[in-house]
Amino acid sequence: MKKLFALLTVLSLAALDGFAKQILDNPAKGTAPVASINVLSFAPEGVLLVGDGTNRKIVAISTGDTTELKGEFGETKGFGSEIAGRLGVKAGDVEIIDIAVNPASRRLYAAVRKQDDKSQLVVTLAPGGKVEHFSFEDREYAVVPLPEGVSRVTDIVWVGGKLVAAARANEEFASKIYAVDGPVQHNRGGQLYSAETYHVSHRRWETKAPMSVMLPYEEDGKHYIVGAFSCTPVVKYPIDAIQPGAKINGISMIELGSGNRPLDMFGYEKDGKASVLTNTYRFHHSKQPYGPSPHLAFRFDEALLGSEKTNEGAIHRTRDTKEAAGKIDIAEPYHGVVHMDRLDSKSALALRETNGKDFDLVTIALP
Amino acid sequence: MSLAALLASASLAFGTVPGGDAWKVSIRAEDAPEGSAITLHLVGQEPDSLGPAMFAKVTRQESALVLEPSFPLSAGNTYLAILLDKAGKELGQAKYTVPRKDSPPPRLEAIYPTSEKLPANLLKFYLYFDRSMREGQDLFDQIHIEDANGQRVHAPWRRLELWTADAKRLTLWIHPGRVKRGVNLREQLGPVLLPGKEYTLVLDKTLRSADGIPLGQEIRHSFRTLPEDYVRPRPDSWVLELPLAGTSQPLVVHLPEPVDHALVKRNISILLTGKKVGLDRIEAGEGESVWSIYPSQPWESGNYDLVAGPDLEDLAGNTPERVFDTDLKDASSGDTPANVEFSLD
């Protein structure tokens with residue numbers, strides 16, 4: 001639920017120069033050692049990126065799933081129950097940790113935890129198909145070790161030929177960016193960076209806030225990652241600044257308003273206009289709701305990421321209401337969405353909470 | 001049901017995999033016609049409610065057809081195994097309820113910080129349980145802070161689960177947006193804790209272990225708040241009780257305030273003429289404001305540096321370099337030496 005529009009650009013460029021075939025270099029073969037999952041994402045060529053902060057690693061797995069699947073997902077009521085049933089438990093006894101759509105195939109991947117014995121697994125769903133278990137056995141894979149101090153990976157993107165992850169520790173409230181140059185080699189680590197970010201809502205530069213979600217972004221041929229934080233600055237970081245010894249300064253571009261924690265984010269293009277969609281958990285919901293659920297989504301014009309108004313001058317959704325009109329919206333059809341990812345050029349796949357114990361899988365038109 | 005189906009049902013049975021406690025379903029080879037298969041389903045609470053076929057591997061062995069579930073069966077659940085012929089026609093079935101383990105309720109072993117007096121801008125609690133606990137967002141509605149009148153503080157937590165790998169320790173963050181000064185969330189909702197007040201951390205009795213056993217009784221932990229703390233934990237304010245050279249006595253460090261116990265181990269190091277000294281362990285005492293550092297080898301004579309790492313935090317998230325909510329443009333940050341020198345003769 002992260003990656004995006006710019007990833008497609010990377011893909012198309014990759015097809016021209018052969019770059020995409022070099023996501024994994026000299027991978028290991030066998031059972032991919034995934035023990036715990038924080039987040040799922042995709043690199044080009046159907047390479048699944050599994051963030052396992054608990055065991056301080058990212059596992060990049062070649063799925064071989066690179067043929068585009070046709071057909072519609074429609075709506076699956078009780079999708080959580082369906083997955084739970086395949087594991088032999090009730091809906092409330094599993095947690096869907098994350099979802100990601102493989103952009104190479106349009107297949108849905110979901111990370112799931114069986115609560116009683118902590119089994120963690122990935123299941124897949126093809127359009128019109130049934131839930132399948134994605135086995136980690138007999139795979140080509142590479143383990144990217146993460147340094148001490150990381151205990152949770154909050155998002156991973158592949159951008160500008162690098163694998164970039166947002167990470168944090170259980171004990172520290174800090175923004176860490178981890179980057180390793182591609183192609184990824186088994187057991188070759190990268191660097192952990194501390195990123196300084198201007199937080200628009202309280203007008204302050206700081207490192208003491210972890211990034212929640214990221215997406216790759218390209219502007220004038222230059223690669224960036226765009227990160228969103230709680231309360232809710234949207235910040236871009238130039239990829240070429242991620243160099244050993246460098247201090248990474250983010251550029252705050254948008255402020256979506258306080259009381260929100262981003263959960264997923266992706267970009268897309270519709271009717272010739274590029275947008276970014278991010279769903280959030282609103283902890284102000286009980287006092288200041290924006291809809292029927294604390295889970296809601298914001299759409300904003302991708303062009304705002306290229307604005308000259310930055311940091312102190314960044315557009316603020318609730319303060320600059322006139323300027324933000326039509327550029328930053330609440331995406332009403334996405335109320336209640338807990339996890340989502342872009343499916344194709346027209347729609348997203350999303351998990352919508354139902355009764356607090358189950359989720360429906362829904363296909364929602366891109367706003 | 002035909003006689004063949006009855007015989008098949010009779011030999012379709014649940015059992016454990018030899019050498020382990022994983023469950024399997026098997027049927028005698030002679031009762032499983034060529035091309036037959038077994039599926040396994042969760043039996044729901046509603047009559048006739050049957051879950052989808054579970055993830056499993058079915059293999060035909062010399063003497064039996066065997067189904068091994070891909071994931072362990074769960075205690076207390078009832079499962080139905082169905083034998084199907086190659087046309088998908090049911091030949092027999094067997095039902096089994098996995099016994100519940102006779103486990104006592106989970107136990108909360110410790111809460112850190114241990115002091116009963118905490119800064120009002122406290123950033124986190126650590127809860128240590130005696131076994132793996134049930135993960136999931138529910139826990140943020142099962143753990144509360146009550147004020148002296150028994151009123152629950154509204155939305156105190158950052159709802160991001162941070163468990164250790166074994167799910168025995170939960171790091172429970174008071175929402176940093178209500179701790180940092182000037183942040184909208186604090187301005188709109190106010191800080192979670194006010195100075196000079198009595199509060200109680202309350203764990204609902206419904207909080208469950210991983211295997212579903214609830215605490216069974218509410219757990220209450222009272223504390224009193226001090227003024228907010230915006231003072232960095234400066235190593236130059238620490239008082240050392242030195243060990244004798246040639247012994248493995250601890251170096252005892254007295255701090256003017258407690259520090260985060262979970263960050264001490266990887267943020268305290270000792271150098272002997274610039275070379276890192278191997279440490280056996282670091283133990284906390286007196287509300288985490290006294291630390292005893294034990295060497296892995298007896299102390300040598302020489303000149304030492306006790307070094308505090310940049311991520312060492314006090315209970316309000318202040319580090320040797322910065323106050324937690326410092327604006328990085330603040331020129332006063334980062335001016336503290338992060339080491340204390342001492343000598344052993």
request  = Grab the DSSP H runs of chain A that are 4 residues or longer, score each as -39,500 (n - 2.57), total them, divide by all residues and round the 222 nm result to the nearest 500 deg cm²/dmol.
outcome  = -2000 deg cm²/dmol
key: Charge sum, other residues only, whose C-beta stays under 12 Å from A:Thr124's C-beta, Lys/Arg counted +1 and Asp/Glu -1   = +2
ask   = Given the Cα atoms of the protein assembly as shown, and with Rh set as the inverse mean 1/r over their pairs in the Kirkwood sense, what is Rg to Rh to two decimals?
value = 0.99
query = When only DSSP loop residues count, what GluC sites (Glu not before Pro) in the stretch A:143-174 have their Cβ near at most 14 other Cβ atoms within 10 Å?
reply = A:Glu148
key: 5 angstrom amide H check on A:Val39, placed H, neighbours 5+ away   = A:Gly51
ask   = Out of the DSSP beta bridges found with both residues in chain B, what percent are antiparallel (nearest 5)?
value = 95 percent
ask   = Shape of the stretch A:220-272 from its Cα gyration tensor (a ≥ b ≥ c, root eigenvalues): rounded if a/c is under 1.5, otherwise prolate when a/b > b/c, or oblate?
value = oblate
query = Going by how many other beta carbons lie within 10 Å of each one, how would you line up A:Lys118, A:Lys57, fewest first?
reply = A:Lys118, A:Lys57
inquiry  = Let me understand the stretch A:117-251 better: what is its radius of gyration from the alpha carbons, and its Dmax, in angstrom?
reply    = 16.7, 51
query = So for the pair A:Asp344, A:Leu192, with labels modelled 7 Å out along Cα→Cβ, what separation do we get in nm?
reply = 4.2 nm
ask   = With charges only on Cβ, +1 for K and R and -1 for D and E, what is the dipole size of the protein assembly as shown about its Cα centre, in debye, rounded to 20?
value = 860 debye
P(r), alpha carbons of the stretch A:229-321 - 5 Å bins starting at zero, rounded % = 3, 12, 20, 22, 19, 13, 7, 3, 1, 0
ask   = Any idea which of B:Trp23, B:Gly92, B:Leu12 is furthest toward the positive side of the dipole for the stretch B:1-103, if Lys and Arg beta-carbons carry +1 and Asp and Glu beta-carbons -1?
value = B:Trp23
request  = Extending each Cα 7 Å along its Cβ direction at B:Arg60 and A:Ile330, get the distance between those two points in nm, one decimal.
outcome  = 6.0 nm
ask   = Once the other residues with Cβ under 10 Å from the Cβ of B:Val290 are scored (Lys, Arg +1; Asp, Glu -1), what is the net sum?
value = -4
query = For the stretch A:207-262, which trypsin sites (Lys or Arg not before Pro) are both in a DSSP coil and crowded by at most 14 other Cβ atoms within 10 Å?
reply = A:Lys247
ask   = Within chain B, what is the longest stretch that has no GluC sites (Glu not before Pro) placed in a DSSP loop and near at most 12 other beta-carbon atoms within 10 Å?
value = B:117-217
inquiry  = I'd like the Karplus ³J(HN,Hα) series for the stretch A:183-197: coefficients 6.51, -1.76, 1.60, θ = phi - 60°, whole numbers in Hz, and an x wherever there's a Gly or Pro.
reply    = x, 6, 10, 4, 6, 9, x, x, 10, 9, 10, 9, 10, 9, 9
Total charge dipole magnitude, chain B, about the Cα centre, Cβ charges on Lys, Arg, Asp, Glu only, Debye to nearest 20 = 800 debye
message = Compute the distance from the alpha-carbon center of the stretch B:137-168 to that of the stretch A:288-367, in whole Å.
response = 27 Å
key: Residue mean of other protein chain beta carbons inside 10 Å, B:51-61   = 4
query = Assuming R0 = 45 Å, what is the FRET efficiency of B:Lys117 and A:Lys222, from their Cβ-Cβ distance, to the nearest 0.05?
reply = 0.30
ask   = Sorted from fewest to most neighbouring beta carbons within 10 Å, what does the list B:Val58, B:Val202, A:Val143 look like?
value = B:Val58, B:Val202, A:Val143
note = Residues other than B:Lys205 with Cβ under 12 Å of its Cβ, Lys/Arg counted +1 and Asp/Glu -1, net out at 0
ask   = Got the relative contact order for the stretch B:68-222 handy, in percent, Cα pairs under 8 Å and 6 or more residues apart?
value = 22 percent
ask   = Can you work out the base-10 log of I(q)/I(0) for chain A at q = 0.09, 0.14, 0.15 1/Å, using the Debye formula on its C-alpha atoms alone?
value = -0.45, -1.20, -1.40
inquiry  = For a quick check: sort A:Arg152, A:Arg106 by the number of other beta carbons within 10 angstrom, fewest at the front.
reply    = A:Arg106, A:Arg152
key: the stretch A:272-315: C-alpha gyration tensor shape, a/c 1.5 cut-off, then a/b vs b/c   = oblate
request  = Determine which residues of the stretch A:115-152 fall in the zone a paramagnetic label at B:Glu68 would reach in this model, i.e. backbone nitrogen under 17 Å from the point 7 Å along Cα→Cβ.
outcome  = A:135-138
ask   = Which whole-number percentage describes the relative contact order of chain A, with Cα contacts under 8 Å and a sequence gap of 6 or more?
value = 16 percent
request  = Could you list the square roots of 5 times each eigenvalue of the Cα gyration tensor of the stretch B:1-114, that is, the equivalent ellipsoid semi-axes, sorted largest first and rounded to whole Å?
outcome  = 34, 16, 12
key: Pairs of alpha carbons in the stretch B:201-301 whose separation is greater than 17 Å (percent)   = 65 percent
ask   = Looking at the protein assembly as shown, what % of its DSSP beta bridges pair antiparallel, to the nearest 5?
value = 95 percent
request  = In debye, nearest 20, what is the charge dipole magnitude of the stretch B:202-345 about its Cα centre with +1 on Lys and Arg Cβ and -1 on Asp and Glu Cβ, if you could check?
outcome  = 400 debye
task = Pop out the ³J(HN,Hα) list for the stretch A:223-238 in order, Karplus 6.51 cos²θ - 1.76 cosθ + 1.60 with θ = phi - 60°, rounded to Hz; leave Gly and Pro as x.
result = 8, 9, 9, 10, x, 10, 10, 4, 6, 10, x, 10, 10, 10, 10, x
message = So, R0 is 25 Å and r is the distance between the beta-carbons of B:Gln297 and B:Leu240; what FRET efficiency does that work out to, to 0.05?
response = 0.85
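Each value in this text was obtained by applying a stated rule to the coordinates, not by laboratory testing. Computed from a predicted model, the values in this text were never measured in an experiment. Glycine also receives a Cβ, built like all others from the backbone with ideal geometry; neighbour counts cover every protein chain displayed.
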